[in-house]
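The values are calculated or read from the model by the stated rules, or taken from the named source; none is laboratory data. Here the structure is a predicted model, which means the values were calculated and not measured. Ideal geometry is used to build each Cβ from the backbone, glycine not excepted, and the neighbour counts take in all protein chains shown. Only protein heavy atoms, including side chains, enter the accessible area calculation; ligands, DNA and RNA are left aside. Shrake-Rupley method; radii C 1.70, N 1.55, O 1.52, S 1.80 Å.
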Amino acid sequence: MQVSQYFARDLFRDRTVFVTGGGSGINLGIARNFAALGANIALCGRTQERLDAAAEELRALGAKACPVAADVRDYAALEAAFARSRAELGPMDVLVCGAAGNFLVPAEKLSANGFKTVVDIDLLGSFNASRAAFAQLKETKGVLIYISAGMAYMPHAYQVHVGAAKAGIDMMMRNLALEWGGYGIRVNSIVPGPIEGTEGMKRLASPEAKQAIIDAVPLRRMGTVDDIGQTAVFLASPLASYISGCVVVCDGGANLAGSGQFNAGAERMLQKMAMQATRS
Ligand code: COA
Ligand code: NAP
């Protein structure tokens, strides 16, 4: 993994990193990058088998791993997961809040419960994890990282629920950076751009849209899970020891072009889904 060519391989040795939603995609990529630098990793998500498979991957990189099922909407379950991770791996040095849900839907068709569900997972779930981890992070003078999205600061069509949830996360990030800085806790958000091969991309863009997405990115490529993992590793490292309260955008410059390409692609994808639904 590229990260171990540029950072000391023992940078996070004996450190514990907890990743919510760590069983797949970008969050698992983040976990892998920390594991490659010596960290031990705890993961939660709703699906134990998925977490167990992720833990096996992390062990193959030399990490101790603690996969524990917990829904981030359930505060007591998170408290139990954090207690178990502490017992197995020691107090948490880094918490990555990456658990999220997403789907394309026009606002006028989104039910109140659909909106609430995404806000509950993304925003409330991130608060729940942060609050439940506070004592451990205070003890270690730890680092808190949220996985946000471009929808937090630029409107994207059919993403009213996600925009509201992620904007809330970024404001919570600033509040906690302000309040918890006094305990030595640093708090930042990462905004990934379009990341290849992820569930998020599968849900938000059809495979035919790939070239149009690439064309709209100033750096002319989609991101990788390692791009985000590397950003997280940097933010948790001593090299970032004076960085707190920031939204770090890792998107190849994609936000500079606005959300027009996304909106047009989302429109086509919804039309395609509607046609498929009519046929079946
Ligand atoms: N369009 C419109 N509404 C939708 C929807 C869609 N595609 N998918 C779910 N909903 C609505 C449901 O209809 C329900 O509302 P209702 O009770 O008024 O009918 C509400 O959202 C909750 O759905 P449910 O399936 O019970 O939620 P869940 O808690 O089991 O799952 C989701 C959460 C919906 C976010 C699910 O997509 C998920 O588990 N996602 C995780 C993976 C993911 O999204 N990855 C990408 C991250 S970027
Ligand atoms: P993903 O693989 O689906 O990751 C989401 C993870 O969250 C899954 O492992 C899922 O596991 C878990 N999860 C969902 N609901 C949960 C809940 N209630 N409690 C605990 N865990 C839960 O999707 P991804 O595309 O990699 O996205 C990862 C993060 O990056 C998200 O925060 C997303 O908003 C952000 N992001 C992604 C992109 C992109 O291009 N993909 C762009 C911008 C931002 P279970 O289903 O097993 O619970």
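What to note about this one:
- One residue from Val96, Val68 being more than 24 Å from Met171 (Cβ to Cβ), of a type outside the set (Phe, Trp, Tyr), surrounded by 19 or more Cβ atoms within 10 Å (Cβ to Cβ) and in contact (Cβ under 8 Å) with a residue 24 or more places away in the chain: Val68
- The single residue among Ala87, Ala70, Ala63 that is of a type in the set (Gly, Ala, Ser), modelled with pLDDT of 95 or more and part of a helix (DSSP H, G or I) turns out to be Ala87.
- Residue among Glu139, Glu57 that is open to solvent by 20 Å² or more (accessible area, probe 1.4 Å), under 28 Å from Asn175 (Cα atoms), more than 9 Å from ligand 1 (Cβ to nearest atom) and not β-branched (Val, Ile, Thr): Glu139
- For Ile185: the one exception among (1) closer than 21 Å to Val19 by Cα; (2) open to solvent by 20 Å² or more (accessible area, probe 1.4 Å): (2)
- Residue list for the stretch 38-54, restricted to those being surrounded by fewer than 24 Cβ atoms within 10 Å (Cβ to Cβ) and in contact with an Asp or Glu (Cβ under 8 Å, 6 or more places away or on another chain): Gly38, Arg46
- Residue ID - nearest to ligand 2 (Cβ to nearest atom), chosen from residues in the stretch 148-159 that are closer than 21 Å to Ser130 by Cα and open to solvent by 10 Å² or more (accessible area, probe 1.4 Å): Ala149
- Complete set of residues in the stretch 143-186 that are of a type in the set (S, T, N, Q) and farther than 21 Å from Glu267 by Cβ: Ser148, Asn175
- Residue list for the stretch 4-27, restricted to those being surrounded by fewer than 24 Cβ atoms within 10 Å (Cβ to Cβ), part of a loop (DSSP other than H, G, I, E, B) and touching a residue at least 40 places away in the same chain (Cβ under 8 Å): Phe7, Leu11, Asp14, Arg15, Ser24
- Condition met for Lys202 (surrounded by fewer than 19 Cβ atoms within 10 Å (Cβ to Cβ) and either within 16 Å of ligand 1 (Cβ to nearest atom) or in a loop (DSSP other than H, G, I, E, B) (or both)): yes
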